[in-house]
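Visitor: Following this message is one structure expressed as structure tokens.
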Amino acid sequence: MYAEDEKMSGLENAIPVKTVGFIVNPIAGMGGAVGLKGTDGRDVLEKAIILGAKAIAPARAESFLSGLKPVKGMIRLVTGAGSMGEDEARKCGLAYTVLGKRRKVTSAEDTMETARKIMDTRADLLVFCGGDGTARDVLEAVGTSLPVLGVPTGVKMHSAIFALEPKAAARITVEFLCGELSLREAEVMDVEEEAFRDDRVSALIYGYMLTPDEPYLVQGAKTASPITEGEMRNQAAIAIYVIENMRTDVVYIVGPGTTTRTIGDLLGAKKTLLGVDLFCNKGLMAKDVNEGQILEIIKGKTAQIVVTPIGGQGFIFGRGNQQISPEVIRRVGLDNVVVVATEAKLGGLKGLRVDTGDPSLDDKLRGRNLKVITDYKTERAMSIE
């Protein structure tokens, strides 16, 4: 989508040898599909593993690195040991220098230590694979001492330093190393994870880092919906319209958000703000479900997915709702995806986006028109970029 290999290979002669630091948080994102909303903390990680969570960071790290192959002769890669980047660099056939020692279990301290060592190499760019928690660790280690770019791999990705997806991160890296992009200060945001798991949002800006300025391939910071009478009235009108159109015996997979929560409120059910809940016959069927539970419940049934885009970013899949996995989306069917968004939210978006973790599914979704409910009996078709 972003660049053909032939075009990228033509840039190789234009790039003097550059040093790219590379860090992978190997546990980032493991809590998403199993409904834990993050993996910060050893106890949460252990719970995720018990629930059957699978590592997603390695595959996304490899996807990013594979995008650098056409210019690999012009890049000097310095990376964390073992699962923190070395393993993925070796699989992709890239030359690399290892920093630190291989560890069976990694921690935030390991991320910060590796980032500091990368800073000491005077790297031209530090690329990390993780979520907002990893971004905070990198911020703590390097501040604004060198440019940073995030490959989205976590559950929470509210910060404005993440590329839209791994291949976009590779394209940004090449363009930046070629001198085609300037830098800007971008917000590093995070929510307090314990509150997040308790269905409460407490988001803060922790600081700023320098990141390549590519407005089409780097996401913006997440923005909250305004708490105004007009916004709440708009959310209620949308919810009424959705409820009126609910069909008998259809399972509705309703994603996170204040607009979607209003659907539960008007049905007299306490829907989770940050989780995925299931409704059937206008009643709450299952609360705060994970991928496995969704797949089990919808087996042999007709289902629809109801989601709202992330404010300021436009993602309908792949940011904070990884429970609605590629397998769930395929099982439900692309024609059974409904988007709800207030006029105020849509006004702040450039378009709808997806990053499901399955490139083939993303390709099927991009360019597709989806029905977006914006008010009572008011719909518009919007394309996924």
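Visitor: How many of the residues making up region 207-239 are among the aliphatic types (A, V, I, L, M), surrounded by 19 or more Cβ atoms within 10 Å (Cβ to Cβ) and either under 21 Å from residue 277 (Cα atoms) or more than 25 Å from the chain's Cα centre (by Cα) (or both)?
Guide: The total comes to 2.
Visitor: Restricting to region 339-360, give me the number of residues that are over 15 Å from the mean Cα position of the chain (by Cα), under 22 Å from residue 297 (Cα atoms) and modelled with pLDDT under 95.
Guide: 0
Visitor: Let me ask something else about it. Does residue 377 qualify as being outside the structural domain of residue 169 (by TED's automatic domain parsing) and at positive phi?
Guide: Yes, satisfied.
Visitor: On the basis of being out of contact with any Pro (no Cβ under 9 Å at 6 or more places or on another chain) and at pLDDT below 95, does residue 233 make the cut?
Guide: Judged against the criteria, residue 233 is a match.
Visitor: Also, quick follow-up: What number of residues within region 83-95 are of a type outside the set (D, E, K, R) and surrounded by fewer than 21 Cβ atoms within 10 Å (Cβ to Cβ)?
Guide: The qualifying residues number 4.
Visitor: Please indicate, with yes or no, whether at least one residue in region 301-310 is in contact with a Ser or Thr (Cβ under 6 Å, 6 or more places away or on another chain), of a type in the set (S, T, N, Q) and touching a residue at least 40 places away in the same chain (Cβ under 8 Å).
Guide: Yes: one or more hits.
Visitor: List pairs: first residue in region 54-66 and without any contact (Cβ under 8 Å) to a residue 12 or more places away in the chain, second residue of a type in the set (A, V, I, L, M) anywhere in the structure, Cβ distance under 8 angstrom, at least six positions apart or on different chains.
Guide: none
Visitor: Could I ask something else about it? Of all residues in region 240-278, count the ones that are of a type in the set (Gly, Ala, Ser), buried (at least 21 other Cβ atoms within 10 Å of the Cβ) and without any contact (Cβ under 8 Å) to a residue 40 or more places away in the chain.
Guide: Residues meeting the conditions: 0.
Visitor: Return the only residue of 375, 363, 355 being in contact (Cβ under 8 Å) with a residue 60 or more places away in the chain and touching a strand residue (DSSP E or B) at 6+ places or on another chain (Cβ under 8 Å).
Guide: 355
Visitor: Can you list the helices (runs of 4 or more DSSP H) found entirely within region 72-150 that contain at least 2 residues being among the hydroxyl-bearing types (Ser, Thr, Tyr)?
Guide: By residue number, 108-120.
Visitor: Okay, moving on. Among the residues of region 314-355, write down those that are surrounded by fewer than 24 Cβ atoms within 10 Å (Cβ to Cβ) and polar (S, T, N, Q).
Guide: The answer is 325, 336.
Visitor: Every residue in region 270-286 that is more than 12 Å from residue 252 (Cα to Cα) and out of contact with any Leu (no Cβ under 8 Å at 6 or more places or on another chain), please.
Guide: Selection gives 272, 273, 274, 275.
Visitor: Out of region 280-306, which residues are β-branched (Val, Ile, Thr) and either touching a helix residue (DSSP H, G or I) at 6+ places or on another chain (Cβ under 6 Å) or within 19 Å of residue 270 (Cβ to Cβ) (or both)?
Guide: 289, 294, 297, 305, 306
Visitor: In region 40-57, which residue that is crowded, with 18+ Cβ neighbours inside 10 Å and in contact with a Ser or Thr (Cβ under 9 Å, 6 or more places away or on another chain) is modelled with the highest pLDDT?
Guide: Going through the qualifying residues, I end up with 57.
Visitor: Please work out which residue is farthest from residue 27 (Cα to Cα), limiting yourself to region 138-177 and to residues that are among the acidic types (Asp, Glu) and free of Cβ contacts under 8 Å to residues at least 40 places away in the same chain.
Guide: Within region 138-177, the match that is farthest from residue 27 (Cα to Cα) is 175.
Visitor: Which of the following residues is touching a Leu at 6+ places or on another chain (Cβ under 8 Å) and on the phi < 0 side of the Ramachandran plot: 324, 329? Break it down stepwise before answering.
Guide: On the way: 324 fails: touching a Leu at 6+ places or on another chain (Cβ under 8 Å).
Being touching a Leu at 6+ places or on another chain (Cβ under 8 Å) and on the phi < 0 side of the Ramachandran plot holds for just one of 324, 329, which is 329.
The values are calculated or read from the model by the stated rules, or taken from the named source; none is laboratory data. Every value quoted in this text rests on a predicted model; they were computed, and no experiment measured them. Here Cβ is always computed from backbone atoms with ideal geometry, including for glycine, and neighbour counts include all displayed protein chains.
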